[in-house]
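Let me begin by presenting the structure, written as structure tokens, before commenting on it.
The values are calculated or read from the model by the stated rules, or taken from the named source; none is laboratory data. Source: prediction; values computed, not measured. Note that we place each Cβ from the backbone using ideal geometry, even for glycine, and neighbour counts take in every protein chain shown. Keep in mind that these areas ignore ligands, DNA and RNA; they rest on the heavy atoms of the full protein, side chains included. Shrake-Rupley method; radii C 1.70, N 1.55, O 1.52, S 1.80 Å.
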Amino acid sequence: MRENKEGSKTFKRKYAKGRDYFISFMILLCLFVIPVSAFAEAVKIPSIQSVNLELRSAVLVEPVTGQVLLSINADQAYAPASMTKMMTGYIIADKVKKGAISWNDVVTVKENASQTIGSRAYLALGETHTVQELFTAMLVHSANDAAVALAEYVSGSEQQFVTVMNEEAKRLGMEKSYYINVSGLDLTDMPLPFRPQEQGENVMSAMDVATLVKSIIQDHPEMLAVTSMPSYQFRASDREPFVNTNWMLESNKDSQYKKYAYEGLDGLKTGFTDSAGYCFASTAERDGMRLISVVMGTKSMSKRFTETKKVLDYGFDHFELKQVVAAKSTPKGMEMVPVKSGTKTEVPVLTEQAVSFLVPKGSDASQLSYQTNFVPQELTAPFAAGAKAGTITYTYEIEGMDMIQEKTVNVVAADEVEKASWVRLLFRSIWEVVSGLF
């Protein structure tokens with residue numbers, strides 16, 4: 001009986017001790033699991049379907065990495081309406097940049113422009129304006145006649161300018177785009193004597209529009225400055241200035257369009273025809289990250305802006321750019337590269353540019369892993385600091401993103417290296433032979 005009681009006490013002590021261990025383990029487990037679950041929730045990306053868009057097609061692109069964050073029928077070609085004028089503007093800006101024309105050149109309005117209908121600046125035959133004035137009216141007020149006047153000034157005729165537009169689209173990789181005019185009007189809305197002989201209409205895919213916007217931002221940021229103007233006084237005699245058709249400009253936050261004003265939005269172009277519906281190509285920047293949004297085929301003027309807000313919110317709410325490699329930093333594992341015929345046999349190298357990847361918001365940059373591929377380039381002295389020593393490609397992939405992100409940057413010499421004398425090179429060769437023997 002005594003042994004049974006002592007055995008019972010021993011069992012109770014062991015049970016209590018085991019229970020305490022179990023409770024302690026569960027507490028530690030909870031302390032570990034909660035932060036992990038919270039982190040997992042922080043980087044969870046909602047589905048595109050949750051955005052609940054009402055439109056024909058849409059795309060959202062981060063231009064630095066090229067990552068497509070949202071895509072709905074983005075490769076299907078549709079009528080782009082006045083978004084066509086972005087290509088017209090891109091070519092005009094390029095002509096100015098190359099010196100073929102000047103912003104101060106005076107353009108005389110011809111018959112085609114004076115007969116062009118739709119949104120217009122009411123240009124009269126023989127009226128004169130500068131390239132800058134017509135360019136601004138075209139992008140701010142979406143003036144069809146201004147676009148035609150510019151095209152005729154640059155190329156002699158609208159159709160000759162259209163040939164350049166289609167060539168430029170191919171060069172930029174816009175495979176689903178085709179133009180018949182510079183304004184975005186349907187064929188039957190063009191002045192009869194100036195319609196192209198071949199049948200067809202203007203078409204662009206949302207992805208092509210985004211590609212064009214990216215090229216504008218990179219090559220001709222002056223277009224962004226023009227499209228961010230809330231209004232423009234075209235003629236001194238005009239009773240009122242032209243009002244920008246883009247209601248989402250951040251600068252509209254104190255205007256009649258304040259309900260549509262969007263933080264960071266600084267361009268670009270709206271569009272509407274019966275066949276295209278209401279369209280809008282926009283770009284906005286927040287916290288150092290720029291996004292490009294394109295919506296096509298919405299059912300009302302205001303709808304193209306409310307749907308754009310949904311698209312941009314999806315990007316800014318759930319993604320961010322993280323820098324993984326700083327500019328002028330030493331690549332890991334490749335601190336030095338060989339030098340031929342120099343006073344030094346090797347030289348330290350640095351990355352020429354910073355490398356950033358797009359990641360789900362809340363990701364820890366210090367935990368990002370990526371692969372590198374270094375392709376060396378032979379360095380022969382003499383050369384200055386900054387000489388190209390090769391390229392390095394950073395590759396990054398994360399669950400939840402639809403593509404592998406890849407960025408290739410130049411690797412450059414950190415120091416100058418002079419050419420060695422022939423005596424020095426001779427003794428170096430002798431030493432290499434001797435050291436090789438032993």
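Calculate, in nm to one decimal, what residue 397 and residue 124 gain on full extension: separation in residues at 0.36 nm each, minus their alpha carbon distance.
So the chain would gain 92.6 nm between residue 397 and residue 124.
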Residue among 250, 418, 158 with the largest mean-square fluctuation in a Gaussian network model of the chain, springs linking Cα atoms under 10 Å: 418
Formal net charge of residues neighbouring residue 378 (Cβ-Cβ distance under 14 Å; K, R +1; D, E -1): +1
Surface accessible to a 1.4 Å probe, residue 192 within the full protein complex, Å²: 130
Local electrostatic count at residue 90 - Lys and Arg +1, Asp and Glu -1, tallied over other residues with Cβ under 9 Å: -3
Residue-normalised accessible area of the chain, given per residue in Å² at a 1.4 Å probe: 52
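Please compute the volume of the convex hull spanned by the alpha-carbon atoms of the range 218-305 and report it per residue in Å³.
Considering the Cα atoms of the range 218-305, their hull volume per residue is 126 Å³.
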Span from the the range 211-268 Cα centroid across to the the range 62-117 one, whole angstrom: 15
Two-decimal ratio, the chain, of alpha-carbon radius of gyration to 2.2 N^0.38 Å: 1.39
Charge context of residue 134, other residues only, Cβ under 15 angstrom, K/R +1, D/E -1: -3
Gyration tensor (alpha-carbon) shape descriptor, the range 177-257, a/c threshold 1.5: oblate
FRET efficiency for residue 163 and residue 422, using Cβ-Cβ distance with R0 set to 60 Å, rounded to 0.05: 0.55
Partner aspartates and glutamates for residue 95 [C-alpha distance under 19 Å; skip if fewer than 8 residues away on the same chain]: 105, 133, 152, 158, 167, 168, 219, 222
Portion, in percent, of the accessible area of the chain that falls on carbon or sulfur, probe 1.4 Å: 54
Whole-angstrom gap from the range 291-326 to the range 129-162, using each part's C-alpha centre: 29
Accessible area in the full protein assembly, largest first, 1.4 Å probe, for 404, 392: 404, 392
Virtual paramagnetic centre 7 Å along Cα→Cβ of residue 222, amide N under 18 Å, in the range 80-104: 86-104
207, 301, 289, ranked by accessible area, largest first (probe 1.4 Å): 301, 207, 289
Separation in nanometres of the label points that stand 7 Å from Cα toward Cβ, at residue 231 and residue 332: 5.6
Accessible-area ranking of 55, 123, largest first, probe 1.4 Å: 55, 123
Net lengthening on full extension, residue 343/residue 105 (0.36 nm per residue, minus Cα-Cα): 80.1 nm
